[in-house]
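**Student:** Once you've had a glance at the structure underneath, I'll fire off some questions.
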Amino acid sequence: MCVPGGPVLFGMPNRTGPPGTHIGTQIPFSSETKFMATTVSGLTFIKGAPEKILPFCTHYYDEFGNVCNLTNKQKLENILKEFAERSIRIIAVAISDNTVTKEGNFKNLKLIGLLSLRDEIRKEVFKAIKDVQNAGIQTIMITGDAKATAIAIASEIGLVKNNNDIVMSSEELNKLSDKEISDILPNLKVVSRALPTDKSRLIKIAQDKNLVVGMTGDRSK
């Protein structure tokens, strides 16, 4: 019997699993595909961006481990939207009985649950953004977050302030020519679900406009 509460998360207490567990094929996370997968004793566990996984989920596990039909995806979409607007990142976790390749080729996935994560914004970020803006330096946030999450964070730190500020996903950006991007560059504030190639492309376009470009991030020193 399935409980009405919907999908929940079951955690594995250690990386190796119980005795007899066999860790098989592993597909590392890719910024292009937005998922990673590991085969454990014949089952493939997948985690990644909800928009890459949820459309292929046909069932879910309830809190007692029963497999139930996943019929109300709109409820999950509403939860994702609400969390994204609160600067909360979501990771979907599912199981596949079928072979998964590095391209995905998902079908008939069973949803285990959704993980919510929120990194608190460091207090020095607010002053840093204000200082560079006062110095006349344009700042563009290039992030792997979903668009709604990116907008929420950028608005909170003062990077996005009005309707003239442009926020684009990587998919939207890559529909534009270099000339079109060059034209909107002065108002571009955020690129979400970004790929590494988006960074190098934006740098080249900015340099072609004779702009001095610098890049920093979590791993910068």
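Since every read-out is calculated from the coordinates, none of them should be taken as a lab result. Treat the numbers as computed from the prediction; the structure is a model and nothing was measured. Glycine gets a Cβ as well: all are built from the backbone with ideal geometry, and neighbour counts include every protein chain shown.
**Student:** Looking only at the chain, where both bridge partners belong to it, what percent of the DSSP beta bridges are antiparallel (to the nearest 5)?
**Tutor:** 75 percent
**Student:** Considering only Lys73, Lys81, Lys179, give the residue with the highest GNM mean-square fluctuation for the chain, with springs between Cα atoms whenever their separation is below 10 Å.
**Tutor:** Answer for the Gaussian network model of the chain: Lys179.
**Student:** For semi-axes √(5λ) of the Cα gyration tensor in Å, several values are listed as (1) 38, 19, 17; (2) 32, 18, 14; (3) 26, 23, 20; flag the one computed from this structure.
**Tutor:** (1)
**Student:** Enumerate the calculated ³J(HN,Hα) couplings along segment 72-89 in order (Karplus 6.51 cos²θ - 1.76 cosθ + 1.60, θ = phi - 60°), each rounded to whole Hz, writing x wherever the residue is Gly or Pro.
**Tutor:** 10, 5, 5, 4, 5, 4, 5, 5, 4, 5, 4, 5, 4, 6, 9, 6, 9, 7
**Student:** What are the ³J(HN,Hα) values, in whole Hz, obtained from phi via the Karplus relation 6.51 cos²θ - 1.76 cosθ + 1.60 with θ = phi - 60°, for each residue of segment 46-58 in sequence order, with x given for Gly and Pro?
**Tutor:** Ordered by residue, 3J(HN,Hα) equals 10, 9, x, 5, x, 5, 8, 10, 4, x, 9, 7, 10 Hz.
**Student:** Over segment 76-115, what relative contact order in percent results from Cα pairs under 8 Å that are six or more residues apart? Please list the in-between numbers first.
**Tutor:** Details: 37 pairs, mean separation 15.8, N = 40.
Here the relative contact order equals 39 percent.
**Student:** Also: Please list 3J(HN,Hα) in residue order for segment 180-194, calculated via the Karplus relation 6.51 cos²θ - 1.76 cosθ + 1.60 where θ = phi - 60°; whole Hz, with x for glycine and proline.
**Tutor:** 5, 5, 4, 5, 8, 3, x, 9, 6, 10, 9, 10, 9, 6, 6
**Student:** Follow-up question, since we're still on this one. If Lys and Arg each add +1 and Asp and Glu each add -1, what is the summed charge of the other residues whose beta carbon sits under 9 Å from the beta carbon of Leu115? Walk me through the numbers before you get to the answer.
**Tutor:** Working: positive: Lys47, Arg89; negative: none.
Overall, the nearby charge balance is +2.
**Student:** Under a 5 Å amide H to amide H cut-off, with H placed in plane at 1.01 Å, what residues pair with Ser30 once short-range neighbours are removed?
**Tutor:** HN-HN under 5 Å from Ser30: Phe35.
**Student:** Can you say what percent of the DSSP beta bridges in segment 23-117, counting only those with both residues inside, are antiparallel? Round to 5. List each step's numbers first, then the result.
**Tutor:** On the way: 25 of 28 bridges.
DSSP beta bridges in segment 23-117 are roughly 90 percent antiparallel.
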